[in-house]
Amino acid sequence: MTLAQLIFLAAAAVTLVAAIMVVTSPRLIHAGLWLILSLAGIAVLFILLDNGFLAVVQVAIYIDAIAILIIIAVMLTRAVMSDADRQINRMGLAAAFASLILLAGLLAMVLQVPAASPAPLVEAEVNLDALGRALVDVDGFILPFEVASVMLVAALVGAILVAMAPARGD
Amino acid sequence: MIPGVSMIHILILSGVLFTLGALGVLIRRNAIVMFMSIELMLNAANLAFVGFARSMGALSGQVFVFFVIAVAAAEVAIGLALIVAVYRNRGSIDVDMVSDLKG
C-alpha cells in the first residue's frame, strides 16, 4: 500500500466519520465543529487530487466563512432548541429508508463509470494560469463569473434586509 | 490520479457523503443542522467534480467547483438570515413548527 493510498483512506475515513457525527450529533455546536473537520478532510482530498488552489479556496471560504457563519447562527439561536429535545422528526425511519435507496441508486450509477480512464494528465500541477484566464475569457466563463458576482452582492444585501431587526415603533 | 486510487473510489466516497447529507436534511428537525447537511451534499458534488477534472485533465470541472462554492456562500448567507428571521418571529427554528402554509 502506497503512502498516497494511506493518506486517501485516512482522509476519506475522517471525512465520513465527521459527516456521520454532523448528522447524528445531538448538540448543535458539536455538529458545527464536526462539519469543520469534514470540510477539512475534503480539502485534504483536493490536495491529493493535485488541486492545491481549490483546497485553499475550500479552507478560505468553506471553513473560514461558511462554517464560522453557521456556528455564529447556532449561538444566536441557541437558547431555543435544547439539546435534550428529540432531534429526529416523525418520518425518521422513512427518511432513512429513502436515503438507503438513494445510496443504492448512486452506487449503481457510479459503478457504470468507465473504469480507469487512463489519467492523461499533461502536467502534474493544476494549471492555475489557464484557470484564471478561463474565468475572464470572452470565450470562457466570463458571463457566469460576472453573474456570480452580482448574485453574491444581491444575496448579501438581501441577507442584511431579511435579518435586520424591525424598526422600533412599528 | 492518486497512485493506487482510482476514480471509482473517489466517486463512491462522494456518493456516500452525498447520501449522508441527504439523510441529514431528511431526518433532522433543526434548520441549522439541515443547512450543515446541505453543505455536505455540495461538498460531495465538488469532490466528484474535482476527481473528474483530474482524471480527464479538463479545466471546466475546476471552474464549476469555483461557482458551486460561490453559490454556496450566497446560499448560506440568505439561509442563515432566514433562520434568524424565523427565530425572531416565532422563537423556534424547529422546521416542524413552521407549517402555517399547511392546508
Could you tell me what fraction of 2.2 N^0.38 Å the Cα radius of gyration of the stretch A:1-81 comes to, as a two-decimal ratio? 1.22
Per 10 Å bin, what percent of the C-alpha pairs of chain B does each bin hold, from zero upward? 15, 34, 28, 15, 7, 1
When B and A pair up, the total accessible heavy-atom area removed from solvent (1.4 Å probe), in Å² to nearest 100, is 7000 Å²
FRET efficiency (A:VAL157, B:ARG90; Cβ distance; R0 30 Å; to 0.05) is 0.80
Accessible-area value, B:ASP96, 1.4 Å probe, nucleic acids and ligands omitted, Å²: 50 Å²
Taking the Cα-to-Cβ direction at B:LEU101 and at B:ALA45 and moving 7 Å from each Cα, how far apart do the two end points lie in nm? 2.1 nm
Taking K and R as +1 and D and E as -1, what net charge do the other residues with C-beta under 15 Å from the C-beta of A:ILE66 add up to? -3
Give the Rg (one decimal place) followed by the Dmax (whole number) of the stretch B:1-48, computed from C-alpha coordinates and expressed in Å. 12.5, 42
Diffusion coefficient, µm² s⁻¹, Stokes-Einstein with Kirkwood Rh over alpha-carbon pairs of chain A at 10 °C and 1.306 mPa s: 78 µm²/s
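The values are calculated or read from the model by the stated rules, or taken from the named source; none is laboratory data. Please read these numbers as outputs of a predicted model, since none were measured by experiment. Cβ coordinates were reconstructed from backbone atoms using ideal geometry, including for glycine residues, and neighbour counts include every protein chain displayed. Ligands, DNA and RNA are stripped out before the accessible areas are found, and what is left, the full protein with its side chains, is counted by its heavy atoms. Shrake-Rupley method; radii C 1.70, N 1.55, O 1.52, S 1.80 Å.
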